[in-house]
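What follows is a set of notes on a single structure, which appears directly below.
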Amino acid sequence: MKNITTFDQYARVFLAVVVLEAAFFWLDGGLKALAYVVGGVLFGTAVFRFCPVYRLFGFRPARAAETPNTAVRAGAAVLLLAVALVGGYGSDFFSRKLFLEDFNAMNHFYKQTLFWTGKDERVKAIANYDQLVPAYQGFQRKYASYRPYALRGDPIFGADLRGVQTMIVGVEGLVRSGDLHQAHLDLEKIRPVFQSLFKRNGFSLLSVALVDFHDAMELMLDAAQARDAGTIQSLYPQVSDKLQAVEGEANDAEIQAIRKNLNDLLDLAK
């Protein structure tokens, strides 16, 4: 016997789609399994228009047996399709974006450690290495269990993460008291691992560079707004390096204008 109204039925279908997309794109472990169960139950009760919980508590809406007309069904189907497509596309896009943001947050310490070992500056190299280690451990821990949709077809993703972890741990002695030049060369081996990872999974290296540059440029713009000449000058080298990475991937008129404006800002600060 049906005990679900038309509105209740459609609401359950929409909720089922949202929950199932969350399970597919965003969750892992026990939460993923729970979300699949909840989504399946919502969808099943909607299809059969029967809710055991309603029956258990004796709840039966007066209009539960009502059959929706064709126009309502068509409108609901179109809306459901739109929710599924927008949710799927949006989840794919934002899961990629969040992965890039997490990567760049960790990669900042890697690049700084690489930079200072190349400059033979042990104190600064150690300071950045000490931040790189926990940053990478957190990054690896998160993405060892959770895979963004764009990375799920990569059979060597996990092996790459473990390999990078081995390389980072392996240079500790060199960074702290050994040959900094050799540490720099060993750390350089990490860069092509991630470049290969991004390329084979369809990530644009330009997008990676732009996200990294954007975060640094935000700090520069804040300093410019505050007319803080000293901060502008101290930030310029790292912002310039990040922009150089962008220029290595693309150097059209817009990027050239950004470079000119960045250099003009430095001149004004001086």
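Of everything in the stretch 2-26 that is free of Cβ contacts under 8 Å to residues at least 60 places away in the same chain and open to solvent by 50 Å² or more (accessible area, probe 1.4 Å), the residue that is nearest to the chain's Cα centre (by Cα) is L20. Of the helices (runs of 4 or more DSSP H) entirely within the stretch 45-162, those holding at least 2 residues that are within 23 Å of S207 (Cβ to Cβ) occupy 70-118, 122-145.
Selection of first residues in the stretch 129-156 that are more than 26 Å from S177 (Cα to Cα) and free of Cβ contacts under 8 Å to residues at least 24 places away in the same chain and of second residues that are aliphatic (A, V, I, L, M) and surrounded by 12 or more Cβ atoms within 10 Å (Cβ to Cβ), restricted to Cβ pairs under 7 Å at least 6 apart or on distinct chains, gives the following pairs, ordered by first then second residue: A144/L161.
Among the residues making up the stretch 230-255, those that are open to solvent by 40 Å² or more (accessible area, probe 1.4 Å) and closer than 15 Å to L210 by Cβ are D241, Q244, A245, E247, G248, E249, N251, D252, E254. Determine whether A144 is modelled with pLDDT under 95 and within 30 Å of L31 (Cα to Cα). Yes, satisfied.
Annotation note: Cβ proximity below 8 Å between a residue of the stretch 209-227 that is over 17 Å from A245 (Cα atoms) and a residue that is open to solvent by 90 Å² or more (accessible area, probe 1.4 Å) and among the basic types (K, R) (sequence gap 6+ or interchain) occurs for no pair.
Counting the residues of the stretch 212-229 that are within 20 Å of N251 (Cβ to Cβ) and buried (at least 16 other Cβ atoms within 10 Å of the Cβ) gives 5.
The values are calculated or read from the model by the stated rules, or taken from the named source; none is laboratory data. None of these values were measured; they are calculated from a predicted model. Cβ: placed from backbone, ideal geometry, glycine included. Neighbour counts: every protein chain shown. Ligands, DNA and RNA are excluded from the accessible area calculation, which covers all protein heavy atoms including side chains. Shrake-Rupley method; radii C 1.70, N 1.55, O 1.52, S 1.80 Å.
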